[in-house]
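Written out below as structure tokens is the structure these notes cover.
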Amino acid sequence: MQHVLTYATDGRSTCDITDDVRTVVQRTDLTIGLAHVFMRHTSASLMICENVDPTVRGDVERWFAKNVVDGDAMYQHQIEGPDDMSGHIRSILTGMDLTVPITDNDLNLGVYQGIYLYEHRTDGRERQVVVTLLPAGP
Amino acid sequence: MQHVLTYATDGRSTCDITDDVRTVVQRTDLTIGLAHVFMRHTSASLMICENVDPTVRGDVERWFAKNVVDGDAMYQHQIEGPDDMSGHIRSILTGMDLTVPITDNDLNLGVYQGIYLYEHRTDGRERQVVVTLLPAGP
Amino acid sequence: MQHVLTYATDGRSTCDITDDVRTVVQRTDLTIGLAHVFMRHTSASLMICENVDPTVRGDVERWFAKNVVDGDAMYQHQIEGPDDMSGHIRSILTGMDLTVPITDNDLNLGVYQGIYLYEHRTDGRERQVVVTLLPAGP
């Protein structure tokens with residue numbers, strides 16, 4: 001089972017896509033296995049993050065804004081704007097692929113874990129996320 | 001095949017869980033496939049690290065302590081203590097999921113690779129790690 | 001299906017291994033599933049990166065050179081050279097495992113995504129990469 005989710009992002013921000021991935025799982029009969037989530041872009045990424053207090057994601061953003069500086073003078077790749085090269089580095093550090101266990105036909109996440117799409121470009125984009133489901137072995 | 005490993009951590013530290021994951025693999029007949037390891041928490045993580053010289057893991061810790069500062073004044077999420085927000089960022093940077101190939105009914109790790117649970121909170125916690133095994137295709 | 005790719009690296013640099021992984025996929029009949037790519041070393045890693053402008057990878061390298069300093073005085077693990085401990089930290093931050101969806105017997109990467117082997121040691125090494133293919137569930 002494989003399904004493509006499409007998002008129109010609002011510029012640099014995080015978006016909880018847990019329920020969308022869960023829905024893909026629950027449309028199947030898969031009881032035990034893995035849900036693989038893949039971002040088909042290099043300046044948006046995926047992360048598992050605390051899902052209760054939105055200031056956590058704000059602090060994650062503040063950390064990246066400070067440590068992966070937009071338009072840093074050392075970047076040679078400046079032509080697509082100051083948020084492009086930093087977006088590539090942020091995406092590499094957070095990762096573009098993610099795999100979550102499936103148990104009892106549901107995502108087996110911890111209570112405080114959510115799956116987030118992390119848009120790093122400052123303007124909105126269409127982003128494709130490929131979800132692939134695999135059954136566990138006996 | 002899916003199995004939950006439970007650990008009581010001693011506070012901020014690394015713990016080699018390679019043998020525990022290997023044991024889950026060797027309890028099955030799976031010869032070729034993948035072992036997926038998943039941390040069900042957002043302030044503890046998983047990493048593959050050099051497994052011979054413990055100062056390597058000490059240096060990894062020193063890098064994170066310097067670059068993801070506990071209780072940084074820029075964090076808005078301070079209510080759970082100075083090690084909580086840094087723990088979330090450390091977990092995102094190291095990752096909460098990990099997948100290792102299985103060959104000949106064993107983990108196909110490099111000679112110097114170990115799988116580590118990385119606790120980022122300064123006090124000990126109970127941590128659940130979900131191991132899921134998948135057979136390779138023909 | 002599992003296959004080991006072997007590379008002789010030229011020292012610190014990135015190497016596009018996308019076509020090698022694709023060839024492993026296309027040697028099978030697998031139409032929908034996952035390709036798992038695993039680096040069997042702790043000072044070389046794998047990353048998905050923009051694959052058009054080589055200055056992007058140059059900027060990634062500049063970011064790491066600045067943020068994970070070779071031979072940093074705080075490292076206790078210095079005996080294997082100034083690029084060894086930084087290589088371990090760079091590998092943990094970029095990751096040693098990567099999973100990409102397979103669709104229609106091909107890697108389902110975005111148009112601008114390439115899979116790169118990232119050598120972090122300054123001298124060349126032989127590096128083994130294990131590719132494992134898994135079929136999706138129905």
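Please treat every number below as a calculation from the coordinates, not as lab data. Worth saying up front: this structure is predicted, and the values here are computed from it rather than measured. Cβ sites come from the backbone with ideal geometry, for glycine too, and all protein chains shown count toward neighbours.
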Could you check how many percent of all C-alpha pairs in chain B are farther apart than 22 Å?
40 percent
Return the sequence-ordered ³J(HN,Hα) values of region B:75-80 in whole Hz as given by the Karplus equation 6.51 cos²θ - 1.76 cosθ + 1.60 applied to θ = phi - 60°, using x for Gly and Pro.
6, 8, 8, 10, 5, 9
Can you give me the three principal axis dimensions of the protein assembly as shown from its C-alpha atoms, in Å, biggest first?
48, 47, 43
Amide H to amide H under 5 Å from C:L98: which residues, 5+ apart in sequence or cross-chain, H placed 1.01 Å off N in plane?
C:V37
Sorted peptide list for C:30-37, C:126-133, criterion being average Cβ within 10 angstrom, highest first:
C:30-37, C:126-133
Between A:E50, A:E80, A:E119, find the one with the highest GNM mean-square fluctuation for chain A; connect C-alpha pairs within less than 10 Å.
A:E80
If every Lys and Arg gets +1 and every Asp and Glu gets -1 at its Cβ, then about the Cα centre region B:2-135 yields a dipole, in debye to the nearest 20, of 180 debye
Of C:V21, C:V56, C:V68, which is the most mobile in a GNM of chain C whose springs link Cα atoms less than 10 angstrom apart?
C:V56
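Net charge within 12 Å of A:E50 by Cβ-Cβ distance, Lys/Arg positive one each and Asp/Glu negative one each, not counting A:E50 itself?
Values: positive: A:R57; negative: A:D16, A:D53, A:D59, B:E80, B:D84.
Charge balance in the 12 Å sphere: -4.
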Which net charge results when you count Lys and Arg as +1 and Asp and Glu as -1 among the other residues whose beta-carbon is under 11 Å from that of C:G110?
+1
Hey, can you grab everything whose amide H is under 5 Å from the amide H of C:T122? Only 5+ residues off in sequence or another chain; H modelled, so Pro and N-termini drop out.
C:R12
Please list 3J(HN,Hα) in residue order for region C:116-125, calculated via the Karplus relation 6.51 cos²θ - 1.76 cosθ + 1.60 where θ = phi - 60°; whole Hz, with x for glycine and proline.
10, 7, 10, 7, 9, 7, 7, 9, x, 9
Convert each backbone phi in region A:30-37 into a coupling constant with the Karplus relation 6.51 cos²θ - 1.76 cosθ + 1.60 (shift: θ = phi - 60°), then list the ³J(HN,Hα) values in order as whole Hz, x for Gly and Pro.
5, 9, 10, x, 10, 10, 9, 10
Compare C:P54, C:P82, C:P101 in a GNM of chain C, Cα atoms joined below 10 Å, and give the one with the largest fluctuation.
C:P54
Could you tell me which residue out of A:V130, A:C49, A:Y116 lies farthest along the dipole of chain A toward its positive end? Charges go on the beta carbon: Lys and Arg +1, Asp and Glu -1, centred on the Cα centre.
A:V130
Can you give me the distance in nm between label points at C:D16 and B:D106, each placed 7 Å from the Cα along the Cα-to-Cβ direction?
3.7 nm
Would you kindly work out, in nm and rounded to one decimal, the distances from the label point of C:I79 to those of the same position in each other copy, ordered shortest first, with label points 7 Å along Cα-to-Cβ?
4.8, 4.8
